[in-house]
Amino acid sequence: MVTAAVRAHAMVMLLLLSCSACQAQLSSTFYANTCPNALGTIRTSIRSAIARERRMAASLIRLHFHDCFVQGCDASILLDNSPSITSEKFVTQNNNSVRGFEVIDQAKSAVENVCPGVVSCADILAVAARDASEYVGGPSWTVKLGRRDSTTASASLASSQLPRFTDSLQSLIRLFGSKGLSERDMVALSGSHTIGQAQCVTFRDRIYNNASDIDAGFARKRRRHCPVTSPNGNGNLAPLDLVTPNSFDNNYFKNLLQKKGLLQSDQVLFSGGSTDSIVNAYSRNRSTFSSDFASAMIKMGDIEPLTGSAGIIRRICSVVN
């Protein structure tokens, strides 16, 4: 026979589990009481940075993406090397490529002045990506908040779980799928390449290999500032979208239809495979792309966040407290 004490204990455990589940949920109103000016403070800082350098919008979106794919959205990408941490900043996919760290630091400093020790670096990355998209004419979305910051980083996971510019379509599908993202999510997120720039070293092979999946005139034009012999011009930049490089639109997909994807990992999205129809749809309908991009960014922001009592709130984003 179940005693009253046992029933009471079971009820307490149920309440604790329920509370834990509530605690683990991200919420758009997470800082409504603890730091009501957080989002406005971040937005001001992000807009100022992009006003100074338009390219920064693409960099901030990418920074959030490269964070979420390694250990989840926990700001691990922001951690510097230390005796106990091997930074993710120096793996092949990030080194001399991922940027915008100082912008996140500035936003964090501004928020710390308003409400110290409350807002996580991981949440600032998520909000910054949304504000960056909106500032350059892309979609906006409601950012879910409540992530906490990791006390660790993983260079090995960054090396194995971040996409590479040489990846095949199947490799990309597997990688995104391992993070709970569909093919449609993957293509939509790749559309962020409608803004930003890439270094010559990332597209040199593509523009010189005379393959059938690149427009000859496009390749010739790109060769002007990307010499054939490495390391000459390795860091020279070219816009990922030649048509409207500073505006968030759907020209990226129109370029793929014309075999004018700058990176190999871009062009494989329209190469006779399973994602061709998605690229076609986005090339015809900008609003469909924008809507799907916003949805995919929300979904990406949900990847394995630290919540509740897990993780910490870093005072400085590059170091553990």
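The values are calculated or read from the model by the stated rules, or taken from the named source; none is laboratory data. Source: prediction; values computed, not measured. With ideal geometry, Cβ positions are generated from the backbone for all residues, glycine too; neighbour counts draw on all protein chains shown. Note: accessible area is taken over every heavy atom of the protein model, side chains too, but ligands, DNA and RNA are not part of it. Shrake-Rupley method; radii C 1.70, N 1.55, O 1.52, S 1.80 Å.
Observations
- When residues of region 220-249 are limited to those that are small (G, A, S) and within 16 Å of A198 (Cβ to Cβ), the one farthest from the chain's Cα centre (by Cα): S230
For (1) modelled with pLDDT of 95 or more; (2) among the hydrophobic types (A, V, I, L, M, F, W, C); (3) within 25 Å of Q199 (Cα to Cα); (4) crowded, with 17+ Cβ neighbours inside 10 Å, each residue gets a yes or a no:
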site: S27; (1), (2), (3), (4): yes, no, no, no
site: F30; (1), (2), (3), (4): yes, yes, no, yes
site: N37; (1), (2), (3), (4): yes, no, no, no
site: T41; (1), (2), (3), (4): yes, no, no, yes
site: I46; (1), (2), (3), (4): yes, yes, yes, yes
site: M56; (1), (2), (3), (4): yes, yes, yes, yes
site: L60; (1), (2), (3), (4): yes, yes, yes, yes
site: D80; (1), (2), (3), (4): yes, no, yes, no
site: I85; (1), (2), (3), (4): yes, yes, no, yes
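- Taken over region 205-221, the criterion of being farther than 11 Å from L263 by Cβ and assigned to a helix (DSSP H, G or I) is satisfied by Y208, A216, G217, F218, A219, R220, K221.
- Residue within region 303-321 that is among the charged types (D, E, K, R), open to solvent by 40 Å² or more (accessible area, probe 1.4 Å) and under 30 Å from S87 (Cα atoms) present: yes
- Selected residue [touching a His at 6+ places or on another chain (Cβ under 9 Å) and either part of a helix (DSSP H, G or I) or crowded, with 16+ Cβ neighbours inside 10 Å (or both)] from A128, A51, A110: A128
- Test result for C200, in contact with a helix residue (DSSP H, G or I) (Cβ under 9 Å, 6 or more places away or on another chain), under 24 Å from L162 (Cα atoms) and without any contact (Cβ under 8 Å) to a residue 40 or more places away in the chain: yes
- Of all residues making up region 141-158, the number that are out of contact with any helix residue (DSSP H, G or I) (no Cβ under 6 Å at 6 or more places or on another chain) and either outside the structural domain of I85 (by the TED database) or open to solvent by less than 20 Å² (accessible area, probe 1.4 Å) (or both): 2
- When V201, V118 are checked against the criterion of being among the hydrophobic types (A, V, I, L, M, F, W, C) and either over 23 Å from F90 (Cβ atoms) or open to solvent by less than 10 Å² (accessible area, probe 1.4 Å) (or both), V118 stands alone in meeting it.
- Those residues of region 289-301 which are in contact with a Leu (Cβ under 7 Å, 6 or more places away or on another chain) and open to solvent by 30 Å² or more (accessible area, probe 1.4 Å), in sequence order: K299
- Residue count for region 139-189, restricted to those that are of a type in the set (A, V, I, L, M) and part of a strand (DSSP E or B): 1
- All positions within region 235-253 that are crowded, with 19+ Cβ neighbours inside 10 Å and part of a loop (DSSP other than H, G, I, E, B): L240, D241, F248, D249, N250
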